[in-house]
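The values are calculated or read from the model by the stated rules, or taken from the named source; none is laboratory data. Just so you know, these numbers come straight off a predicted model, no measurement behind them. Heads up, the Cβs are rebuilt from the backbone with ideal geometry, glycines too, and the neighbour counts pull from every protein chain shown. Side chains are part of the model used for accessible areas, which takes the heavy atoms of the whole protein and leaves out ligands, DNA and RNA. Shrake-Rupley method; radii C 1.70, N 1.55, O 1.52, S 1.80 Å.
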Amino acid sequence: MRRRPGIGGLQTAAAARDQYRLLGENVAKIRTDLMKEQLATFRSQLEDFARKHKNDIRKNPAFRSQFHEMCAKVGVDPLASNKGFWAELLGIGDFYYEIGVQIVEICLAMRAQNGGLINLQELCSLLRQKRKGLREAVSEDDCLRAISKLKVLGSGFEVISVGKKKLVRSVPTELNKDHNEIIELAQAQGFVTVDELERRLSWTSGRAIDALETLLEEGFAMIDDGHRDGRRRYWFPCVSSISSLGGNDA
Amino acid sequence: MQTLGNFKLPPFFNYPPYFTLQPVRDTREKQVQLWKELILDYCKTQKISVIGLEEEFPLFSNPAIESKDLFINLCISAGSLTHEAREAFLAALVSEAGRAEWLDKGHRKCLILWHRIQDWADILLNFVKDNGLEDSVMTVEEIRSGPESRGTDLQGVDRIILMRALKLLEHKGKLAIFKGTSADDEGIKFSR
């Protein structure tokens, strides 16, 4: 727009700007309203869906996990409270509280053996043993959800990823990057040696010994000196726990 | 599950570090606890009463761990308890009142009491009552291998343990021990 001289010109330009702004606001409002409407529709559809597939959600872990994903996308947390529509409809709140309590029990019972670090897979299989006879199947996804609810207790329950595996930490000890790398390396054979760390990670022996000593102190590792090569092996119960060892294939 | 004869071994028996005495206190306590339970349990089912630290003892090594390592040609001592570890586990049993006792000052032989002496004494008293042996006389050998004890825990009970239980009962006036005709066997007269 060509700018015209004089006060009239300035006034026209200001008026045009106001017009544009108003139009913009209008468009944005229409869009938001539309979005809100869509979300409301989606939410009510989701409720209908939940009502219709109540039993599947309760009994089928894969179905349950997808349902949770869907809920998360529209900002519904069926576990946010034990009261209210979702919990009453599905009763899944209680389900996760129950699993949560059982997970805490298992972690405590295993702490002496693994120092408070446990493989998610192992935790799940122990949980299934514990719940044997109950009708609902429990998946790893269910475990993760229950653990995420445990965080509000502030007791330091956390899921950490080490290599390909997920570990559940039930003690407040923080693991640093070195510790993570060691545990990741140990996943291959169940143990590592100082030599191996020097070779594979190009660490100095001081750095390796330091990190291993910390892991020992925290109870995450156990030593094994019974080898003729004289190299101390550091075993990690959290990656190959004794409860999952079966007979000679150990 | 690995077995030793008819004995089912616990899972930790297959985890190599349990054969090395752990340096960290909490970890070692758990390790010692598991070994104590295993030793008592094994001795009870196999009716073993004396463990010699320098002798072969099935629990003190796990051939499954050894052979696995022999395969990659690394070692022969893997999966085997050191003398230090054996002594530590047995010492833990000894320190738990009445569960074990050293038979010598050098700690080379250990008496395992899967029934405490007091419990053995109670078993003896029941044995006397069940068989109506009050006022009668038996030799120590008869108690261990006579027809009355067949099928009970007293059958083949270690002589040292039996004598300890008998002496405890003598002390309480439940029986009298006297020298028999042969020098190596004592007679027992049960009281009413």
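Computed values, structure above
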| quantity | calculated |
| --- | --- |
| Those aspartates and glutamates that a straight Cα-Cα span of less than 14 Å connects to B:Lys172, excepting residues fewer than 8 apart in one chain | B:Asp122 |
| Crossing angle, helix A:92-114 versus chain A [Cα axis fit, 0-90 degrees, rounded to tens] | 30 degrees |
| Threshold 40 Å², the range A:109-130 residues less accessible with all protein chains present than alone (1.4 Å probe) | A:Ala112, A:Gln113 |
| Most mobile listed residue (A:Asn60, A:Asn176, A:Asn114) in chain A, GNM with C-alpha springs under 10 Å | A:Asn176 |
| Karplus-derived HN-Hα couplings along the range B:160-177 (A = 6.51, B = -1.76, C = 1.60, θ = phi - 60°), whole Hz, x at Gly and Pro | 4, 5, 4, 4, 5, 5, 5, 5, 4, 6, 4, 4, 8, x, 7, 6, 10, 9 |
| Sum of -39500 (n - 2.57) over DSSP H runs of 4+, divided by residues of chain A (222 nm, nearest 500) | -19500 deg cm²/dmol |
| 5 angstrom amide H check on B:Thr139, placed H, neighbours 5+ away | B:Ile188 |
| Sites B:Arg28 and A:Ala109, calculated FRET efficiency, Cβ-Cβ separation with R0 25 Å, nearest 0.05 | 0.85 |
| Set of lysines with alpha-carbon distance to B:Lys174 below 17 Å, sequence-local pairs under 8 removed | B:Lys129, B:Lys189 |
| Positive dipole terminus of the range A:96-249, leading residue within A:Ile209, A:Leu167, A:Leu126 (C-beta point charges) | A:Leu126 |
| Too-long pairs where the Cα-Cα distance tops 32 Å, listed order kept, from A:Lys59/A:Lys166; B:Lys8/B:Lys179; A:Lys54/A:Lys130; A:Lys52/A:Lys149 | B:Lys8/B:Lys179 |
| Rg/Rg_globular for the protein assembly as shown, with Rg_globular taken as 2.2 N^0.38 Å and Rg from C-alpha atoms | 1.55 |
| Sparse-neighbour loop sites [GluC sites (Glu not before Pro); the range B:82-118; at most 16 other C-beta within 10 Å; DSSP] | B:Glu96 |
| Rounded to the nearest 20 debye, dipole of the range A:36-75 from Cβ charges on Lys, Arg, Asp, Glu | 160 debye |
| Dipole in debye (nearest 20) - the protein assembly as shown, about Cα centre, beta carbon charges: Lys, Arg +1; Asp, Glu -1 | 2360 debye |
| Residues with amide H under 5 Å from that of B:Lys109, placed H, sequence gap 5 or more | B:Leu53, B:Leu103, B:Asp104 |
| Crossing angle, helix B:83-95 versus chain B [Cα axis fit, 0-90 degrees, rounded to tens] | 40 degrees |
| Max mean-square fluctuation residue, GNM over chain A, Cα-Cα springs under 10 Å, options A:Gly75, A:Gly156, A:Gly116 | A:Gly75 |
| Helix A:6-52 vs. chain A, principal-axis angle (Cα, 0 to 90°, nearest 10) | 50 degrees |
| Carbon plus sulfur fraction of accessible area for the range A:99-196, probe 1.4 Å, in percent | 51 percent |
| Residues of the range A:96-249: accessible area per residue with a 1.4 Å probe, Å² | 47 Å² |
| Neighbour count of at most 16 Cβ within 10 Å plus DSSP loop: longest GluC sites (Glu not before Pro)-free window in chain A | A:1-135 |
| Chains A and B, summed buried accessible surface - 1.4 Å probe, Å², nearest 100 | 2200 Å² |
| Antiparallel content of DSSP bridges confined to chain A, in %, to 5 | 100 percent |
| Phi to ³J(HN,Hα) by Karplus 6.51 cos²θ - 1.76 cosθ + 1.60 over the range B:36-49, Hz, x for Gly, Pro | 4, 4, 4, 4, 4, 4, 5, 4, 5, 5, 9, 6, 9, 10 |
| Solvent-accessible area per residue for the range B:117-190 (1.4 angstrom probe, square angstrom) | 54 Å² |
| Inter-centroid distance (Cα atoms) of the range A:135-168 relative to the range A:19-70, Å | 27 Å |
| Charge dipole magnitude, Cβ of K and R +1, D and E -1 - chain A, Cα centre, debye nearest 20 | 1420 debye |
| Charge context of B:Ala85, other residues only, Cβ under 13 angstrom, K/R +1, D/E -1 | -1 |
| Which of A:Leu46, A:Ile103, B:Leu168, positive extreme of dipole for the protein assembly as shown (C-beta unit charges) | A:Leu46 |
| Cut-off 10 Å between beta-carbons: net charge of the residues surrounding A:Asn119, Lys and Arg +1, Asp and Glu -1 | +1 |
| Local net charge near B:Phe127, Cβ-Cβ under 13 Å (Lys/Arg +1, Asp/Glu -1) | -3 |
| Cα-based convex hull, chain A, per residue volume (Å³, whole number) | 238 Å³ |
| Between the range B:90-140 and the range A:184-218, the Cα center-to-center distance that results, in Å | 48 Å |
| P(r), alpha carbons of the range B:76-192 - 5 Å bins starting at zero, rounded % | 2, 10, 19, 20, 16, 12, 9, 6, 4, 2, 1, 0 |
| Where trypsin sites (Lys or Arg not before Pro) in DSSP loops with at most 10 other Cβ within 10 Å are excluded, longest remaining stretch of chain A | A:165-250 |
